[in-house]
Amino acid sequence: MNWRWVILIVILLAIQATSLTKLRIYYKQTEDIQRTIPLPPENFLKLIRLEFSGLLSDFIFIQAQETLGNRKTGEVTTETFNRVVSLNERTVAIDPYFLDPYYLAQALVWYSRGPEEIRRINQLLITGAEYRTWDSDLLFYAGFNHYFFLKEYRQAGDLFSQAAQIPGGWTGLAGLAAKMYHRGRDTAAGIILLKSMLLRTTDKEIRKYLEARLDQYQTMYYLESAVKVYQEKFLIPPRQIEDLVTAGIIPSLPVPPKGQKFYLDIQGNVDIEREAAAKNKGINK
Amino acid sequence: MNRIPNIYHLAVITFKEGIRNRALIGVFIISLVMMVINVTFINFFMRDLGKVSVDLGLSTVSLAGLILVLFIGLNLISKDLDKKTIFLILSRSVSRTQYLLGKFAGLMGLIIVSMAIVGLVSFLSVLVIKSFLAGVFFAKGFSWWTYFLAWAMSVVSLMTLTAVGFLFCTLTSHVFVAMVITSLVYLIGQSLPHIQELVLARQQVLKVSDAMKVFIQILYYIMPNFSLFDLKLQAAHGLPVDPGHIFWAVLYGLVYTTVCLWLADLVFKKKEFV
């Protein structure tokens, strides 16, 4: 081989490597500016996707991951948060069935700084659930966010209830929904859900689980009604659950599930807890 | 009398000519590279790995098909006009209609064979991923049948595009102009349904005049709607495919192709080769 060619190739490769290094430095320097460049609108992306919706959504999602992964510190700034959510929103605008953007959005919830950011992610998850009708996960995530972060128990109950009705979903979702309704002071909604689930369930094990939950919430509903009667009669809430029997509102306390105990929490709401935990908290004292 | 044999011989010649084209090797190499990329590409994702691999596999098929139609297919018909070899063919008791149909049949044969090769490579890449790498991450409803259907609909889409290309080849005589116009028709045909959706949406996002709305509606019915043939998302997410949609889409493709070829024939018959 002619040596002149070898030298030429080596020189060309060296120039290429140097250019790449220089460009990389330039890219690093302008990284922050690049991240502030507005993203193309969803409608524009829908126009240019042609027949490659899937592929385009894959690439935008990679960009979302890159934005999150390339942050300078462990902290997720508001800018990074908004950028990643916006990229996810664009990804699902092109391919609403794509699971990963929803999954990444849910992971982002832990970095959110306020209810508005959580609501934005929940909106994404609920839109996703409209398309992924077979998938109970997205409704579960949205319900969890309402319960854990926003303390909106009724909304959480509604979402868990929708998730529970998706065939093949986790059985415990119905119980969870009933629990949320109870916390949101709407135990009756939980009872209706459990009854409707029982009507459609044939599996013996699942029926057993649902019947136990139904029994529990029906008892709690009974106790809640008794508390209301007590309040109407004495104009003050009962101090402890046993007061309902002492005052003659109910003949005796219903039998709780094994190892558990009904009690009145600080706000005077009927709840159930394991006996040991209740004792530790000194709730009944 | 010799109508069918003439078309058949022309089709075979066109097919062989296409096979000899080096660009075909390029298309095949692209598909092989994409297969390798497919196996590594899925590592960038968390859960929907099956969807990503199907996306890439079927997109490769479509992209290779587009390159084939626009850069090789249209060249095959224009070459005869440019090199004046068309005189040789037409002087041998081959009618202009037979010439056009023969060329189209040969090109379709070439497209189907090439798409079968690229499709097989893409199928193998998805199969490897499903069997050895990420089987559990495929959609529950995923079926090879839908995958095949998406491939077949790509071929129908390419058939329609080829017919459109033929029409413009006969209209313009210049391969580059025909290529540009066909590409534009493809772009419009892919995005027009979304434009129509935007313009006619109940809650107006864009402020559009009534005249423009009518124009878009007319354009919607004139231009080929290529988005009808796209089943990639259904294949990737294992979504059900309505047989009625397939039937009407194929019928639409066939009718559009026939109309384009008929118009091309009309123009071709009146064309004077100088």
Treat each spin label as a single point 7 Å out from the Cα along the C-beta direction, and report the A:Ile7 to B:Leu90 distance in nm.
5.9
Placing +1 at every Lys and Arg Cβ and -1 at every Asp and Glu Cβ, with all other atoms neutral, what dipole size does region B:38-87 have around its Cα centre, in debye to the nearest 20?
100
Taking the Cα centre of the protein assembly as shown as origin, sum charge times position over the Cβ atoms of Lys and Arg (+1) and Asp and Glu (-1), and report the length of that vector in debye to the nearest 20.
1020
GNM flexibility winner over chain A from A:Tyr181, A:Tyr147, A:Tyr222 (Cα, springs under 10 Å)
A:Tyr222
Could you order the peptides A:81-88, B:213-220, B:44-51 from most to least packed, using the average number of other C-beta atoms within 10 Å per residue?
B:44-51, A:81-88, B:213-220
Identify the residues of region B:107-125 with backbone N under 19 Å of a label point that sits 7 angstrom from the Cα of B:Trp144 along the Cα-to-Cβ direction, or state none.
B:115-125
On a 0 to 90° scale, report how tilted helix B:96-128 is relative to the longest principal axis of chain B, with both axes built from alpha carbons and the result rounded to the nearest 10.
20
Spin-label model distance (nm) - A:Trp170 vs B:Leu254, 7 Å beyond Cα toward Cβ:
5.0
Inter-label distance for A:Phe148 and B:Val180, nm, one decimal - labels placed 7 Å from Cα along Cα-to-Cβ
5.7
May I ask you to list the residues of region B:38-73 whose amide nitrogen lies under 14 Å from a point 7 Å from Cα along the Cα→beta-carbon direction of A:Leu20?
none
Suppose we keep just the alpha-carbon trace of region A:100-151; what are its Rg and Dmax in angstrom?
10.1, 31
Taking 0.36 nm per residue of separation and subtracting the Cα-Cα distance, what length does fully extending B:Tyr8 through B:Lys269 add?
92.0 nm
Placing unit charges on C-beta atoms (Lys and Arg positive, Asp and Glu negative, everything else neutral), compute the dipole magnitude of chain A about its Cα centre in debye, rounded to 20.
480
Shielding score for A:34-46, defined as the mean number of other chain Cβ atoms within 10 Å
1
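None of the figures in this text is laboratory data; all of them are computed from the coordinates on show. Given the structure is predicted, the values throughout are model-derived calculations rather than measurements. Quick reminder, even Gly has a Cβ in these numbers, built from the backbone with ideal geometry, and neighbours come from all protein chains shown.
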